[in-house]
Amino acid sequence: MKVYVVANLKGDVGKTTTTVNVAYTFSEMGGRVLVIDLDPQCNCTRFFAKVNGYSKTVRDVLENPKGINSAVYRTKYQDIDIVKGSVKITEQKTPWRLKEALGYLKKDYDVCLIDTRPVFDMLTMNVLYAADVFLTPVKFDNFCRDNLTMVEDAYHEILENNPDLEWKIFANMVSNTKAQKLSSEDLIAKHDYPFLQSCISRTAIVDNALSLYKPVAKHRVMSNVAQDFVDLVEELLED
């Protein structure tokens, strides 16, 4: 099982949108997918299952890693299961519990996608220490460069405990405005960041799919942005 953590220190860059659509695209390509919602807002959970007080959640997994099987739920999509998020998730004293928990499931899934909140605290460290790929969506704006500098610093700190972790960045919500084009050209030319070739278009189709709690390909399968996510997943699978 390959573990992808979708993370960034900046909000509003499409982490949950990325998690949902990459998970769905992986499953459509024939993979067995596990989604873990580590964001206390539980937005990712709402795309796949009901949020209620009677389910076991990622909070239970972090408290008892050996019990992860009882916290895994089937979703409305074939080949996608989920560990639901929790609004009551608490800070952790150890960053290794999720890695231990995922060890009990490594033969059950091809891919694990983990959604996070925009904070590199001990909760986020739990998933980054368990990850194979640290996937960062970015928006090309005036804050992108400064944010990526902080993310890069955090990544190098994580490498001390997870030396095989790969960092991959892709551009999200891409439009053809002059300001965005200049920002992207400057960023890529002056910094050696591990950008993927694939990018996700900015379009109202994504917003409409989000409002319906649907993956883009479930909402508009023939849209250009649905193909963007296919391209992204295919590039991730090349490694």
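Okay, residues lined up against (1) open to solvent by less than 20 Å² (accessible area, probe 1.4 Å); (2) touching a strand residue (DSSP E or B) at 6+ places or on another chain (Cβ under 8 Å); (3) part of a loop (DSSP other than H, G, I, E, B):
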{"site": "93", "(1), (2), (3)": "no, no, yes"}
{"site": "102", "(1), (2), (3)": "yes, yes, no"}
{"site": "105", "(1), (2), (3)": "yes, yes, yes"}
{"site": "120", "(1), (2), (3)": "no, no, yes"}
{"site": "129", "(1), (2), (3)": "no, no, no"}
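Filtering the range 43-56 to residues that are out of contact with any strand residue (DSSP E or B) (no Cβ under 7 Å at 6 or more places or on another chain) and either in a strand (DSSP E or B) or closer than 24 Å to residue 2 by Cβ (or both) leaves 43, 47.
If you go through the range 131-168 one residue at a time, how many are outside any loop (DSSP other than H, G, I, E, B), of a type in the set (S, T, N, Q) and surrounded by fewer than 21 Cβ atoms within 10 Å (Cβ to Cβ)?
To start, the set of residues in the range 131-168 that are outside any loop (DSSP other than H, G, I, E, B) comprises 133-138, 144-159, 166-168.
When the remaining residues are screened for being of a type in the set (S, T, N, Q), the result is 136, 147, 149.
Narrowing further to those that are surrounded by fewer than 21 Cβ atoms within 10 Å (Cβ to Cβ): 147, 149.
The number of residues fulfilling the criteria is 2.
If the condition is being assigned to a strand (DSSP E or B) and of a type in the set (Lys, Arg), then the range 62-74 contributes only 74. Restricting 87, 33 to those that are farther than 22 Å from residue 171 by Cα and open to solvent by less than 30 Å² (accessible area, probe 1.4 Å) reduces the list to 33. Report yes if residue 83 is within 19 Å of the chain's Cα centre (by Cα), at pLDDT below 95 and aliphatic (A, V, I, L, M), otherwise no. Against the criterion (within 19 Å of the chain's Cα centre (by Cα), at pLDDT below 95 and aliphatic (A, V, I, L, M)), residue 83 does not qualify. Filtering 209, 217, 189, 226 for residues that are among the hydrophobic types (A, V, I, L, M, F, W, C), modelled with pLDDT under 95 and over 16 Å from the mean Cα position of the chain (by Cα) leaves a single hit, 189. Cβ separations smaller than 7 Å between residues 6+ apart or across chains give the following pairs from the range 210-239 residues that are under 25 Å from residue 168 (Cα atoms) to residues that are open to solvent by 90 Å² or more (accessible area, probe 1.4 Å) and assigned to a loop (DSSP other than H, G, I, E, B): 226/220.
Scoring residue 69 on the criteria (1) modelled with pLDDT of 95 or more; (2) buried (at least 20 other Cβ atoms within 10 Å of the Cβ) leaves a single failure, condition (2).
Return the residues of the range 1-13 that are open to solvent by 10 Å² or more (accessible area, probe 1.4 Å) and either more than 14 Å from the chain's Cα centre (by Cα) or modelled with pLDDT of 95 or more (or both); say none if nothing qualifies.
1, 2
Could we say that residue 70 is among the small types (Gly, Ala, Ser) and free of Cβ contacts under 8 Å to residues at least 24 places away in the same chain here? Yes. So residue 77 passes all but one of these: (1) open to solvent by 60 Å² or more (accessible area, probe 1.4 Å); (2) touching a residue at least 12 places away in the same chain (Cβ under 8 Å); (3) not in a helix (DSSP H, G or I). Which condition number does it fail? All conditions are met except number (1). The combined condition, being out of contact with any helix residue (DSSP H, G or I) (no Cβ under 7 Å at 6 or more places or on another chain) and crowded, with 23+ Cβ neighbours inside 10 Å, is fulfilled by residue 18.
Scanning the range 80-91 for residues that are of a type in the set (A, V, I, L, M) and assigned to a loop (DSSP other than H, G, I, E, B), which turns out farthest from residue 12 (Cα to Cα)? The residue in question is 89.
Of the residues making up the range 115-166, those that are within 19 Å of residue 195 (Cα to Cα) and without any contact (Cβ under 8 Å) to a residue 24 or more places away in the chain are 146, 149, 153, 155, 156, 159.
The values are calculated or read from the model by the stated rules, or taken from the named source; none is laboratory data. This one's a predicted model, so the numbers in the text were calculated from it and none came from an experiment. Cβ: placed from backbone, ideal geometry, glycine included. Neighbour counts: every protein chain shown. With ligands, DNA and RNA removed, areas are computed over all heavy atoms of the protein, side chains included. Shrake-Rupley method; radii C 1.70, N 1.55, O 1.52, S 1.80 Å.
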